[in-house]
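Participant: One structure follows; several queries about it will come next.
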Amino acid sequence: MKNLFIVDHPLIKHKLTIMRNKNTGPKEFRELLREITFLLAYEATRNIETIEVEIETPLEKTKGYAIEDKKIVVVPILRAGLGMVDSILELLPNASVGHIGIYRDPLTLKPVQYYCKLPDLSNSTVTFLLDPMLATGFSAVHAIRILKEKGAKQIVFVSLIAAPEGVLEVEKNFPDVKIYTASLDRQLNDHGYILPGLGDAGDRLYRTK
Ligand code: URA
C-alpha cells in the first residue's frame, strides 16, 4: 500500500470516533465530515504546484507564491462525496467541481453510473476525487477511469475511511493515484461495508434510514 497516506492526528482521531458512534446524529456527522476533510485536505494538497508571483507589501515589492486553483478540479462521487466538497472549496475557492454519480448494485457490489458532469480536464493540474468510504474500490476505480479518459493527469483520492480491499483495488488498477485517508479499517463484510466503519455514510449524512 505504498500510495496510501494515513493522516494521523489527534484531532482527526477524536472527530472520527464521534462519527463512528451510531448515536451521532446527522447535523454533527455533517459538521465532523467537513472538519476532517479540511484537515485531510491540508495534507492531500501538500504537493500541489505553486508559482512565483510579485506583489507589493505596504513597504516594498517582494516575491510570493500562489496556487493556480483555477486549474484544480474537485470531483465528489455522489452522494456521500458531497459532504466533503465545501470544505475543500474553502481552501481552493476557485477550483472547478465535477460530479460523478455512482451507486453499488447491492447484489454484485459492482458500480452503476447514473450521472457524470465534469469540467474540462485537459488543462487541469490535479483532480481531487472525494468519497468518504473507500470500500471495495470498484466505484473509485470506475471514477478514476472516467477522469483519466477525460484527460485528468494527477489524481488524488481523498477518503475518510479506507478498507484494505479498496486500497489494493485502486493500487492494482492505478498505481499512480495517491490515496489520503483518516483511517485504514480492518476489512469489508459480506455486503461490502467497512468494519468497524461508520455504517452508510450517505444515509448518515442525509438521514435516509
Ligand atoms: N459505503 C458506505 O457508506 N459505508 C461502507 O461501509 C461502505 C461503503
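Participant: For the chain, what does the helix formula give at 222 nm: sum of -39500 (n - 2.57) over DSSP H segments with n ≥ 4, over the residue count, nearest 500 deg cm²/dmol? Provide the component values of the computation, followed by the final result.
Facilitator: Details: 6 runs with 68 residues, N = 209.
Rounded to the nearest 500, the figure is -10000 deg cm²/dmol.
Participant: If you add up the charges near THR208, with Lys and Arg at +1 and Asp and Glu at -1, over every other residue whose beta carbon is less than 12 angstrom from its beta carbon, what do you get?
Facilitator: Local net charge: +2.
Participant: What are the extents of the Cα atoms of the stretch 161-209 along their three principal axes, in Å, largest first?
Facilitator: Largest first, the stretch 161-209 extends 36, 21, 17 Å along its Cα principal axes.
Participant: List the residues whose amide H sits under 5 Å from the amide H of GLN154, counting only those 5 or more places along or on another chain, with H placed 1.01 Å from N in the peptide plane.
Facilitator: Close amide H contacts, sequence-distant or interchain: THR127.
Participant: Given just the C-alpha atoms of the stretch 116-163, how large is their convex hull per residue in cubic angstrom?
Facilitator: Working: hull volume 3.2 nm³, N = 48.
Roughly 67 Å³ of hull volume per residue.
Participant: To continue, here is another question. Mean shadow of the stretch 1-137, computed from the convex hull of its alpha carbons, in nm²? It would help to have the intermediate numbers written out before the result.
Facilitator: Working: hull surface 47.0 nm².
Computing the convex hull of the Cα atoms and averaging its projections yields 11.7 nm².
Participant: Which pairs, out of LYS15/LYS150; LYS2/LYS110; LYS71/LYS148; LYS2/LYS27; LYS110/LYS172; LYS2/LYS148, put more than 27 Å between their alpha-carbon atoms?
Facilitator: Details: LYS15/LYS150 35 Å; LYS2/LYS110 25 Å; LYS71/LYS148 16 Å; LYS2/LYS27 35 Å; LYS110/LYS172 17 Å; LYS2/LYS148 21 Å.
The pairs that break the limit, which is 27 Å between Cα atoms, are LYS15/LYS150; LYS2/LYS27.
Participant: Considering amide H positions built from the backbone, and no H for Pro or chain starts, which residues 5 or more places from CYS116, or on another chain, come under 5 Å of its amide H?
Facilitator: Those qualifying (amide H under 5 Å, at least 5 residues apart or on another chain) are GLY101.
Participant: Taking the Cα centre of the stretch 80-209 as origin and charging only Cβ (+1 Lys, Arg; -1 Asp, Glu), how large is the dipole, in debye to the nearest 20? Write out the running numbers ahead of the final one.
Facilitator: On the way: 13 positive and 14 negative charges, 35 e Å.
Computed charge dipole of the stretch 80-209: roughly 160 debye.
Participant: Right, next: Can you list, bin by bin at 5 Å, the percent of alpha carbon pairs in the stretch 132-188, starting at 0?
Facilitator: 4, 22, 34, 25, 11, 4, 1
Participant: Select from the chain the helices, each a whole stretch of DSSP H, whose alpha-carbon atoms run 20 Å or more along the helix axis and whose Kyte-Doolittle mean is at least 0.5; answer none if there are none. Could the numbers behind the result be given before it?
Facilitator: Values: long enough: 26-44 (26 Å, -0.08).
The answer is none, since no helix passes both cut-offs.
Participant: Sorted by packing (mean other beta-carbon atoms within 10 Å per residue), highest first, where do 156-169, 113-126 land? Can you show the working numbers first?
Facilitator: Working: 156-169: 23.4, 113-126: 14.7.
Going from most to least packed, we get 156-169, 113-126.
Participant: Could you tally the net charge around TYR180, taking each other residue with its Cβ under 13 Å from the Cβ of TYR180, Lys/Arg +1 and Asp/Glu -1? Intermediate values should be presented prior to the final figure.
Facilitator: Details: positive: ARG46, LYS178; negative: ASP8, GLU43, ASP131.
That works out to -1.
Participant: Positive end of the dipole of the chain, charges at C-beta (+1 Lys, Arg; -1 Asp, Glu), about the Cα centre: which of SER87, ALA162, GLY64 has its Cα farthest in that direction?
Facilitator: ALA162
Participant: Kindly provide the Kirkwood hydrodynamic radius of the stretch 63-112 in Å, to one decimal, from all pairs of distinct alpha carbon atoms.
Facilitator: Numbers: mean 1/r = 0.0795 Å⁻¹.
Radius from the Kirkwood sum: 12.6 Å.
Every number here is computed from the coordinates shown, using simple stated rules; none is lab data. As the structure is a computational prediction, the values presented were derived from the model and not from experiment. A quick note on method: Cβ atoms are made from the backbone with ideal geometry, for glycine too, and the neighbour counts reach across all protein chains shown.
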